[in-house]
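Participant: Input: one structure, supplied below.
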Amino acid sequence: MRGKDVRLEGVAITYPNGFTAVQPTDLTIEAGEFFSILGPSGCGKTTILRAVSGFVDPSAGQILIGGEDMRGKGPNARPTALIFQNLALFPLMPVWENVAFGLEARGMSRRARREKALELLDLVALPEQADKKPGELSGGQRQRVAIARALAVEPAVLLLDEPLSALDLKLRQHMRAELRAIQRKTGVTFIYITHDQGEALTMSDRVAVMNNGVIEQVGSADAIYSAPQSAFVASFVGEVNPFHGRIIGTDGAMAQIETPHGRLVARNPTALANGATAILFVRPEQVGFGAGYSNRFEARLMRRDLEGAFVTFEVQTPTGAQINLHQSNTGGASVAVDDICQVGFDGEAAVLLPDGPMAKTGAEVAAQ
Ligand code: ADP
Ligand code: MG
């Protein structure tokens, strides 16, 4: 099997009710890449997959797979296969027949179909399960059967729409490694959709972060986490401490921001100019106790939570800023709740970004 590249050129998608779910988008997914689209529920991820697989037509722009324009080609005429969250296996058919289901229409003999199915079951690490019924398998095994079935028709591009979200946490984490291994072995282009940042960051060659029908950033997991380019990306991926304010001075790659909690300095990757409203973002693991930082606060320790390998602290400054810290649990900081302490972070460890909408917090999502 061999992957093909997927290109979206100015693709916008408006549903018949007039709602534009995907704003004009340019995106190239390389052949053989494991590419994830990450974003909150309702941001347009499934709509993009539907367009790539041919179930929905773009209202503008074009989609090319392996350089070929897909306009006018239905799902069966495209080199794609789709896997959903709620996979539907046939309960009365043995596993191998489920895998070989799409091959009968191609005129393959029963013997050739079984051979192909066994090969694919081997690939997804289920060699002994061919003659069982789906009901005799675990959830993770059934998911692998669905993947084998999708691969049976030899797609160049496999589209996966939140395929692990019905599985429990342990299994989901195990399946991440399985999916990655299957993708590497086959060389098929994977486009993987998820609202789970852990999945996107651990499995992917590159990640696109999407919000409100717009892809805000495309990059490696490291780049998305350490060098976010928008307030949404900074706040959706990982935890972050935001400080709102106005730029009051720039100096090469760095800038100063005036906030209600004092003047702070940070990297200025988007070249914000004097006077711009901005947000400074710093990750909790970049904040530490002590006075040796270019950005410093006096604060009171409000909470200390042991998470196992690391400890989270919540402190509050006299101006009311709440700051979270993550420290590895190696017996370092000995502060107790209600202690007054110094906390801070280096300017190089923080980033200034244009003021803009931030991702909802866990509490806000829960209250929806
Ligand atoms: P995601 O997969 O990121 O959760 P979707 O692509 O399913 O998001 O949906 C994006 C937006 O488009 C949502 O606001 C959704 O309500 C809307 N939408 C999805 N399908 C339709 C449809 N058939 N008609 C109108 N609006 C739709
Ligand atoms: Mg969806």
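Derivation of every value follows stated rules applied to the coordinates shown; laboratory data play no part. Predicted, not measured: the structure shown is a model, and the values here were computed from it. Glycine gets a Cβ as well: all are built from the backbone with ideal geometry, and neighbour counts include every protein chain shown.
Participant: Report the residue, chosen from SER204, SER41, SER226, that carries the largest GNM mean-square fluctuation when the chain is represented by alpha-carbon nodes joined by springs under 10 Å.
Facilitator: Largest GNM mean-square fluctuation: SER41.
Participant: Continuing with the same structure: What is the magnitude of the charge dipole of the chain about its Cα centre, with +1 placed on the Cβ of each Lys and Arg, -1 on the Cβ of each Asp and Glu, and no other charges, expressed in debye to the nearest 20?
Facilitator: Here the size comes out at about 1120 debye.
Participant: Something else now. Determine the dipole magnitude for region 1-99: charges of +1 sit on the beta-carbon of Lys and Arg, -1 on that of Asp and Glu, nothing else is charged, the reference point is the Cα centre, and the result goes in debye to the nearest 20. Before the final figure, lay out the partial values.
Facilitator: Values: 8 positive and 9 negative charges, 33 e Å.
Here the size comes out at about 160 debye.
Participant: I've got another one for you. Given a Förster distance of 35 Å, report the FRET efficiency between THR317 and GLN368 from their Cβ-Cβ distance, rounded to the nearest 0.05.
Facilitator: Numbers: r = 30 Å, r/R0 = 0.86.
The formula returns an efficiency of 0.70 here.
Participant: Summing -39500 (n - 2.57) over the DSSP H runs of n ≥ 4 in the chain and dividing by its residue number, what mean residue ellipticity at 222 nm do you reach, to the nearest 500 deg cm²/dmol? Show your work: numbers first, answer last.
Facilitator: Values: 9 runs with 85 residues, N = 368.
It comes out at -6500 deg cm²/dmol, rounded to the nearest 500.
Participant: Cα axis of helix 169-186 to longest principal axis of the chain: angle in degrees, 0 to 90, nearest 10?
Facilitator: Result, in degrees: 60.
Participant: For the pair VAL214 and THR28, how long in nm is the line joining their label points, each one 7 Å along Cα→Cβ?
Facilitator: 2.4 nm
Participant: May I ask you to derive the relative contact order of the chain, considering only C-alpha pairs under 8 Å and at least 6 residues apart, and to give it as an integer percent? Each step should come with its number before you reach the end.
Facilitator: Working: 799 pairs, mean separation 57.8, N = 368.
Averaging sequence separation for qualifying contacts and normalising by length gives 16 percent for the chain.
Participant: Name the residue, out of THR194, THR46, THR259, whose mean-square fluctuation peaks in a Gaussian network model built on the chain with Cα pairs under 10 Å.
Facilitator: THR259
Participant: Pop out the ³J(HN,Hα) list for region 118-130 in order, Karplus 6.51 cos²θ - 1.76 cosθ + 1.60 with θ = phi - 60°, rounded to Hz; leave Gly and Pro as x.
Facilitator: 5, 4, 5, 5, 4, 4, 8, 6, 10, x, 9, 9, 4
Participant: If you take every DSSP beta bridge fully contained in the chain, what fraction is antiparallel? Give it as a percent rounded to 5.
Facilitator: Numbers: 61 of 80 bridges.
Beta bridges within the chain, antiparallel portion: roughly 75 percent.
Participant: Excluding same-chain residues fewer than 8 positions from LYS4, which lysines have a Cα within less than 29 Å of its Cα?
Facilitator: Straight-distance partners of LYS4: LYS45, LYS73, LYS116, LYS185.
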